[in-house]
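The values are calculated or read from the model by the stated rules, or taken from the named source; none is laboratory data. These numbers were taken from a predicted model, which means no experiment stands behind them. Cβ atoms come from the backbone with ideal geometry, glycine included; neighbour counts cover every protein chain shown. Surface areas here come from the heavy atoms of the whole protein model, side chains and all, with no ligands, DNA or RNA. Shrake-Rupley method; radii C 1.70, N 1.55, O 1.52, S 1.80 Å.
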Amino acid sequence: MNKIGFNVLAWSAAVSDELKPIIERLKTIGYDGVEFFVGAPDEKAYKEIGSFTKGLGLESSTVFVMGPDENPIDPDAKIRAKALDKMKWTIDRSHDLGAKIICGPFHSAFSTFAQRSPNEDEYNRSAEVLYQAGEHAKQAGIVLTPEALNRFECYLCNTMDQLLHLITKINHPNVRAMFDTHHANIEEKNLGDAIRKIAPVLGHVHISENDRGTPGSGHVPWDDTFATLAEINYKGWLTIEGFTRNDPDFANSIGVWRDFSEPWEMAENGFKFIKAMGEKHGL
């Protein structure tokens with residue numbers, strides 16, 4: 001069975017002591033790991049929570065985003081340098097947490113648009129920055145897994161075709177790809193075909209319902225998804241990413257205006273759902 005994780009963004013974007021009872025309960029439910037958002041500046045907190053999580057026998061992964069002032073595809077070399085600095089800092093904080101996987105749409109700035117289609121120069125700039133970040137990640141034993149987002153949050157990589165194009169350009173062993181069922185449900189014609197397309201470089205999977213609520217409660221084609229992950233012999237994480245209004249600043253930043261599911265209902269029933277689907281499809 002693949003390892004199952006839960007992203008604590010359902011409660012908070014901050015890494016702090018407030019997460020400790022949440023992490024403990026996730027362990028009790030049966031999760032193998034916890035995914036943290038890296039962004040808060042308190043560096044000591046990452047080491048402390050990393051030690052706490054490891055002490056419970058749980059593993060970690062992380063997620064982060066880039067802003068317009070640190071955009072890897074910006075024509076300005078100074079802004080791209082800031083992007084690389086941000087990535088290196090995030091890799092270091094993820095190492096403090098004990099993470100081996102970093103995911104997110106860090107190929108370009110979140111919700112920053114050029115009012116046109118992406119061009120090859122932008123893919124080349126992103127690839128150059130991510131290759132350098134991959135070199136830093138290699139030293140920490142971490143794999144970077146950039147994520148394709150839906151068209152309302154990103155324009156560089158919306159589909160697995162575009163993401164594969166970028167990963168091929170990067171050509172670094174510590175930079176692979178991520179598949180998120182929420183975004184794929186919007187952008188892909190067929191989730192099974194999309195998974196097969198990205199399979200050679202697939203490094204991380206987010207299990208996320210179409211409305212960001214409890215997996216299995218919406219209309220993502222889950223049988224096709226799990227059957228195809230089994231078909232390609234995927235051995236990585238299956239991490240639930242669901243959002244709430246619990247952290248208003250974060251929720252506002254990503255356009256979450258209502259609660260889709262209560263966090264613990266999402267965690268408990270989502271875990272059962274993944275276990276059942278894994279057993280059903282031999283994953």
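A few comments on the model shown:
- When +1 charges are put on Lys and Arg Cβ atoms and -1 charges on Asp and Glu Cβ atoms, the dipole computed for segment 1-108 relative to its Cα centre reaches about 240 debye.
- Between Asp85 and Phe52, full extension at 0.36 nm per residue minus the direct alpha carbon distance yields a gain of 9.2 nm.
- Computed magnitude of the charge dipole of the chain (debye, nearest 20; Cβ of K, R +1, Cβ of D, E -1): 580
- For the chain, the relative contact order comes to 18 percent (Cα pairs under 8 Å, sequence separation of at least 6).
- Global form of segment 196-283, assessed from the alpha-carbon gyration tensor, a/c cut-off 1.5: prolate
- Carbon + sulfur, % of accessible area of the chain - ligands and nucleic acids excluded, 1.4 Å: 48
- Across His95, His219, the residue with the most accessible area heads the list, and the full order at a 1.4 Å probe is His219, His95.
- Heavy-atom accessible area for Lys197, with the other protein chains in place and a 1.4 Å probe, reaches approximately 90 Å².
- Between segment 164-211 and segment 232-283, the alpha-carbon center distance in angstrom: 17
- Rounded accessible area per residue of the chain, 1.4 Å, Å²: 41
- Per-residue HN-Hα couplings for segment 36-47 [Karplus 6.51, -1.76, 1.60; θ = phi - 60°; Hz; x = Gly/Pro]: 10, 8, 9, x, 4, x, 6, 5, 4, 4, 5, 5
- Amide H partners (placed H, <5 Å) of Glu59, local residues excluded: Gly33, Val34
- Dividing the summed -39500 (n - 2.57) terms of all DSSP H runs of n ≥ 4 by the residue count of the chain sets its mean residue ellipticity at 222 nm at -14000 deg cm²/dmol.
- Segment 29-104 - percent relative contact order, Cα under 8 Å, separation 6 or more: 39
- Segment 1-139, relative contact order [Cα under 8 Å, separation at least 6], %: 23
- Cα convex hull volume per residue for segment 1-110 (Å³): 96
- Ordering Arg196, Arg212, Arg151, Arg80 by accessible surface, largest first, gives Arg151, Arg196, Arg80, Arg212; the 1.4 Å probe counts only protein heavy atoms, with every chain in place.
- Options [x] 18.5, 69; [y] 17.4, 51; [z] 22.4, 77 - which one matches Rg and Dmax of the Cα atoms in Å as calculated here: [y]
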